[in-house]
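Colleague: Sharing a structure below in structure tokens format, with a few things to ask.
The values are calculated or read from the model by the stated rules, or taken from the named source; none is laboratory data. As the structure is a computational prediction, the values presented were derived from the model and not from experiment. Glycine gets a Cβ as well: all are built from the backbone with ideal geometry, and neighbour counts include every protein chain shown. The accessibility values were calculated without ligands, DNA or RNA, using every heavy atom of the protein model including side chains. Shrake-Rupley method; radii C 1.70, N 1.55, O 1.52, S 1.80 Å.
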Amino acid sequence: MKREDGGPAFGVHHPDILPGYQGMTLRDWFAGMALQGLIINPRSVCVDCPISARAYELADAMLKEALP
């Protein structure tokens, strides 16, 4: 597991079908969840930053809290 991405959120257990593929990272999962909230409440997004960048900022903050 890499600290910067949290490792796989939902590991793939078929190495013969997808060799080397670990699945979506925990960081991507957190960003997707944050993105849903940001889309519903766009006032929480700064004017000058893209909504996807804000979603990953929130994901990084969640990783910081979730990982030792």
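Colleague: What's the number of the condition Trp29 fails, among (1) within 15 Å of Ala9 (Cα to Cα); (2) modelled with pLDDT under 90; (3) surrounded by 14 or more Cβ atoms within 10 Å (Cβ to Cβ)?
Modeller: Here Trp29 clears every test but (2).
Colleague: Follow-up. Is it the case that some residue within the stretch 10-19 is out of contact with any Asp or Glu (no Cβ under 7 Å at 6 or more places or on another chain), β-branched (Val, Ile, Thr) and modelled with pLDDT under 75?
Modeller: Filtering the stretch 10-19 for residues out of contact with any Asp or Glu (no Cβ under 7 Å at 6 or more places or on another chain) gives 10-19.
Now drop any that are not β-branched (Val, Ile, Thr), which leaves 12, 17.
Restricting the remaining residues to those that are modelled with pLDDT under 75 gives 12, 17.
Scanning the stretch 10-19 turns up at least one residue that is out of contact with any Asp or Glu (no Cβ under 7 Å at 6 or more places or on another chain), β-branched (Val, Ile, Thr) and modelled with pLDDT under 75.
Colleague: Something else about it: Considering only the stretch 40-57, I want to know if a residue exists there that is basic (Lys, Arg), in a helix (DSSP H, G or I) and at pLDDT 75 or above. Can you show your working first?
Modeller: The first filter runs over the stretch 40-57 and keeps only residues basic (Lys, Arg), leaving 43, 54.
Cutting the leftovers down to in a helix (DSSP H, G or I) gives us 43, 54.
Imposing the further condition that a residue be at pLDDT 75 or above reduces the set to 54.
Yes.
Colleague: Exactly one condition in (1) at pLDDT below 90; (2) closer than 23 Å to Phe10 by Cα; (3) not in a loop (DSSP other than H, G, I, E, B) is false for Pro68; which is it?
Modeller: Against the list (1) at pLDDT below 90; (2) closer than 23 Å to Phe10 by Cα; (3) not in a loop (DSSP other than H, G, I, E, B), Pro68 comes up short only on (3).
Colleague: Could you grab the pairs with beta carbons closer than 9 Å, sequence gap of 6+ or different chains, first residue in the stretch 1-28 and closer than 22 Å to Lys64 by Cβ and aliphatic (A, V, I, L, M), second one at pLDDT below 80 and open to solvent by 100 Å² or more (accessible area, probe 1.4 Å)?
Modeller: Met24/Phe10; Leu26/Met1
Colleague: Of all residues in the stretch 46-66 being of a type in the set (Gly, Ala, Ser) and more than 17 Å from Gly7 (Cβ to Cβ), which is least open to solvent (accessible area, probe 1.4 Å)? Walk me through it before giving the result.
Modeller: Applying the first criterion (of a type in the set (Gly, Ala, Ser)) to the stretch 46-66 yields 52-53, 55, 59, 61, 66.
Checking which are more than 17 Å from Gly7 (Cβ to Cβ) leaves us with 52-53, 55, 61.
On the way: Ser52: 65, Ala53: 41, Ala55: 3, Ala61: 54 Å².
Only one residue tops the list, namely Ala55.
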